[in-house]
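The values are calculated or read from the model by the stated rules, or taken from the named source; none is laboratory data. Given the structure is predicted, the values throughout are model-derived calculations rather than measurements. Ideal geometry is used to build each Cβ from the backbone, glycine not excepted, and the neighbour counts take in all protein chains shown.
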Amino acid sequence: MDDEHKLASLKSAVKHAFEQMIPFNRVLGLSVESLDANSPRLRFEMRPELVGNPVRQILHGGVISATLDVVGGLAIALALAASKTDEGKMHESSAVPLLPNIGTIDLRIDYLRPGRGRYFVAAGRVVRLGGRVAVVHSELVNDADEQIATGAAAYMVG
């Protein structure tokens with residue numbers, strides 16, 4: 001299998017893992033919008049089940065923090081896969097062992113605006129990938145591209 005097919009296979013496996021294998025991600029309705037290793041993105045639609053304030057009809061803060069946590073894990077999984085291959089190219093065997101070996105150590109969320117929108121997109125960027133700890137910055141925007149929240153997190157890796 002050539003590198004292009006391996007990369008496509010890996011991306012398919014990562015997409016499946018984050019969308020289907022993690023039950024809570026299904027509850028949130030997260031879908032992978034981009035597997036760009038420098039800034040992966042997750043998307044979800046606003047639904048009544050995700051409302052935290054029924055009067056204001058805004059997104060629950062826990063949904064925001066959970067989504068930013070998940071996109072951080074996705075960013076690390078992709079960065080780890082890229083780091084384990086020659087010249088940053090990912091390969092199939094990276095996908096499965098990465099997912100269970102990432103755990104959140106610390107997560108800080110700054111809520112900037114009420115969570116209003118038809119849909120939301122979360123993006124993550126690995127700031128530091130060490131042998132034991134990774135640091136990620138993330139953000140959540142709505143369908144009008146308004147920044148709803150930002151996050152900074154540290155994760156245990158390996």
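Return the pair list, or none, for Cβ contacts closer than 6 Å from residues in the range 125-142 that are closer than 13 Å to Leu78 by Cα to residues that are at pLDDT below 95 and assigned to a strand (DSSP E or B), at least 6 apart or on different chains.
Partner pairs satisfying both residue conditions: Ala134/Val157.
Which pairs turn up if I take residues in the range 46-59 that are surrounded by 12 or more Cβ atoms within 10 Å (Cβ to Cβ) and look for partners that are of a type in the set (D, E, K, R) with beta carbon separation below 7 Å, at least 6 apart in sequence or on another chain?
Met46/Arg118; Ile58/Arg116
Restricting attention to the range 79-119, which residues are touching a strand residue (DSSP E or B) at 6+ places or on another chain (Cβ under 8 Å), surrounded by 20 or more Cβ atoms within 10 Å (Cβ to Cβ) and modelled with pLDDT under 95?
Passing the criteria: Ala79, Leu80.
For the range 1-14, enumerate the residues that are surrounded by 15 or more Cβ atoms within 10 Å (Cβ to Cβ) and under 15 Å from Leu74 (Cα atoms). Let's see the steps before the verdict.
Let us first name the residues in the range 1-14 that are surrounded by 15 or more Cβ atoms within 10 Å (Cβ to Cβ), namely 6-7, 9-11, 13-14.
The answer is Leu10, Lys11, Ala13, Val14.
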